[in-house]
Amino acid sequence: MLAITIHHATGLSAQDRGGKSDPYLVLAYAKFGKPLYSSRIILGDLNPVWEETAFLLLSDDEVKAGENLAVMLWDSDKRTSDDLIGRVQVPVVELMLKPNQVHDRHDDLMGFEDADDMKGKLSWSVAFYDKAPFNERLNRQVNHELPAEIRNRPELQDKSSSKADTKSESDALNIPPDPSYPAGILSIIVHQINNLENRNLKGTTGGNREGHTGQDTKAPDENVDKVPSAYCEIVVNDDLIYKTRTKQYTTMPFYEAGTECFVRDWRSTVVRVVTRDDRVREHDPIMGVVTLPLAKILANSSQVTKLYAMQDGVGFGRVNISVLFRSVEAKLPRNYLGWDTGTLEILSNIRFEPEQGAADHDISAKTLKVSVSTSDAQHKIKAKAAHKEGEAINWHLDELVRLPVYDRYSSALVFELDPGTKILGIGGDPDAVASLWFQDLVDDEETEVRIPVVAGKDIDLLRQNVLNENCKKTHEYDIVGHLICTVKLDSGLDEDHYAFADTQQKRHEMEQYHNAEGMAEIAKQNAHANDDGVIDKQEKKKIDEAHKQELRSRHRGIYQSGVVRSTKWSKDGLKDRMSRMKNKMTGSTKTEKSVETEA
């Protein structure tokens, strides 16, 4: 594995008519190879400060082929193809010579050809980490997942270890991952699905009631309308990363397909394999979900191959899945072990303390309000200032603030002091901003933060860049005070993300969460609606909406009708087009991450 941190770039060439560029960075193997990582776009800056870290898997194919690690800077253009700002290339074998060491680099940029020079310099660091050896002290010869009374039965013994050809394969089957090396490489392979079929959702009048055949379940009719055309999606920590091919009209689809990905912490990682039915003019329904918490699945070995029953969908079946995890010799700080998706909670009032000697900006005297937003969700909450204590200002929040977060390790929570009114994203710059970068937080821990509040000539640039010593050298700003509050980053999707599922990828991510976890969480909340003896109109509305969602996700009620499902598909398609049009008008830089698919 390669761990690459992009710090900053200086003196980039201007690619736009206004003398600026909108730089972003891409990592790949080979000159202009397939992008493996793409950073956030920083608009209108020739000295961007990213401070983003990427983890790339390195296979023997790249090493044997003598490939280079390519770091490419591009200028983002809305209407034309992106322009090259510059690139850096380093042979991967050179990076492997000193493993487990971080190497700081400051490279001049080159153009399309190696002999071409481009303006600017890139500061970054890179480290190579090899796979960690298995910890022999963790050897498990007995399957402790089963109760002691039955675990020694011959028919329940795991016979896969007898098929191992090498010691490494045998160790993977008998030794679980080492908790002291939580980061590593996860391999997931979907082999096949056994006895895949749709549920009978047509009603019992004049037909068969659900489950009437019991153990004598017959294969579904040969009518192709009843036989599913299934594909599988692999979701890691609520992020959709892989999609298989569709196997047309079969109850026994064979895939033998999967992917490898970097996992920050196997102990908290949850993998879901989602099976969907590919349908025309309606949303592809979830036939079933297999949930695999790695801490449980890999309790006795680093490699597991089993049949898992699908749940929480409109179909039946058992999925044969292989999971293999190998740790790497990288001990990341705790704040780098989290999920990429979550929800930011502000748990306390917000306090602003002015900086001594910052009277030129006079922020404390004129500021009457503050707004907060996540850079991904673009969701804003406003709170009025309650009172002043000397020069300090306290904003009292009437309710818990929860803001959805995507791409956590490249985004921030932005506080705007005295924000002006914006129309279609234009005008109304705030007096000052403060940015809390989510990469500095530890998942699911309450943290009191003290964030510098800055003011300067270009507030928009200060909002986008990480404010550190390097940023101070190339950007003019003053620290006018500090914001103090208590926050927590809730890992994973939750109901706050429903409103932001505006692309197919995010909608599929939300649907798998909703079926596997979300409906149960909503039911728990609604169960307390009558605690005070009265169910008011708002509570009744939430209960009715939850029931409607349950029927829709399971194709029951009016949603068993194909006409209703097609109408829903048409309406959502219209919403998607309107959302894309809005993003184009406001100049949104949000992009949908690509999902790896079966070749």
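Since every read-out is calculated from the coordinates, none of them should be taken as a lab result. None of these values were measured; they are calculated from a predicted model. Every residue, glycine as well, gets a Cβ built from its backbone with ideal geometry; the counts of neighbours run over all protein chains shown.
Between the helical axis of 562-586 and the dominant principal axis of the chain, each derived from Cα atoms, what acute angle in degrees is found, rounded to the nearest 10?
The angle comes out near 20 degrees.
Less than 9 Å Cβ to Cβ from Trp124, Lys/Arg counted +1 and Asp/Glu -1: what total charge do the surrounding residues give?
On the way: positive: Arg105; negative: Asp104, Asp107.
Local net charge: -1.
Order by neighbour count: Tyr409, Tyr513, fewest other Cβ atoms within 10 Å first, most last. Walk me through the numbers on the way to the answer.
Numbers: Tyr409 18, Tyr513 24.
Result, fewest neighbours first: Tyr409, Tyr513.
What's the ranking of 26-34, 122-130 by average number of surrounding C-beta atoms within 10 Å, highest first? Don't jump to the answer; show the numbers that get you there.
Numbers: 26-34: 15.9, 122-130: 19.1.
By packing density, highest mean first, the sequence is 122-130, 26-34.
With no solvent and one equal point scatterer per Cα, compute the Debye intensity ratio I(q)/I(0) for region 503-597 at 0.12, 0.26 Å⁻¹ and report its log10, rounded to two decimals.
After summing over all Cα pairs, the log10 values are -0.58, -1.27.
Within a 10 angstrom radius of the beta carbon, how do Met581, Met110 rank from fewest other beta carbons to most?
Details: Met581 10, Met110 16.
Lowest count first: Met581, Met110.
Which length gain, in nm to one decimal place, applies between Phe254 and Gln560 when the Cα-Cα distance is subtracted from 0.36 nm times their residue separation?
Computed gain between Phe254 and Gln560 is 107.4 nm.
Determine the distance separating the Cα centre of region 94-132 from the Cα centre of region 296-320; give it in Å without decimals.
41 Å
Using modelled amide H (1.01 Å from N, peptide plane; none on Pro or chain starts), what sits under 5 Å from the amide H of Leu58, excluding residues fewer than 5 places away?
Residues meeting the amide H criterion: Leu2.
Specify the angular offset, from 0 to 90 degrees and rounded to the nearest 10, of the alpha carbon long axis of helix 504-513 from the longest principal axis of the alpha carbons in the chain.
Helix 504-513 sits roughly 60 degrees off the main axis of the chain.
First measure r as the distance between the Cβ atoms of Asp108 and Gln538, then evaluate 1/(1 + (r/R0)^6) with R0 = 60 Å and state the FRET efficiency to the nearest 0.05. Don't skip to the end; give the middle numbers.
Numbers: r = 61 Å, r/R0 = 1.02.
That gives a FRET efficiency of 0.45.
Which entries of Lys31/Lys473; Lys34/Lys575; Lys131/Lys331 have Cα-Cα distances beyond 23 Å here?
Numbers: Lys31/Lys473 31 Å; Lys34/Lys575 31 Å; Lys131/Lys331 12 Å.
Result: Lys31/Lys473; Lys34/Lys575 exceed 23 Å.
Relative to the compact-globule scaling 2.2 N^0.38 Å, provide the ratio for the alpha-carbon radius of gyration of region 2-128.
Values: Rg = 14.3 Å, N = 127, 2.2 N^0.38 = 13.9 Å.
Dividing the Cα Rg of region 2-128 by 2.2 N^0.38 Å gives 1.03.
Hey, what did the chain get for relative contact order, percent, Cα under 8 Å, at least 6 apart?
Working: 1270 pairs, mean separation 73.7, N = 599.
Worked out over the chain, it gives 12 percent.
Among Asp60, Asp312, Asp117, Asp238, which comes first, second and so on when ranked by fewest other beta-carbon atoms within 10 Å?
Working: Asp60 7, Asp312 20, Asp117 10, Asp238 23.
Arranged by neighbour count, lowest to highest, Asp60, Asp312, Asp117, Asp238 become Asp60, Asp117, Asp312, Asp238.
From the alpha carbon gyration tensor of the chain, can you work out the equivalent ellipsoid semi-axes (sqrt of 5 times each eigenvalue) and give them in Å, largest to smallest?
Working: eigenvalues 369, 222, 122 Å².
Listed largest to smallest, the semi-axes of the chain are 43, 33, 25 Å.
Straight distance only, please: which aspartates and glutamates reach the Cα of Lys78 with their own Cα at less than 13 Å, same-chain residues fewer than 8 apart left out?
Partners found: Asp16, Asp22.
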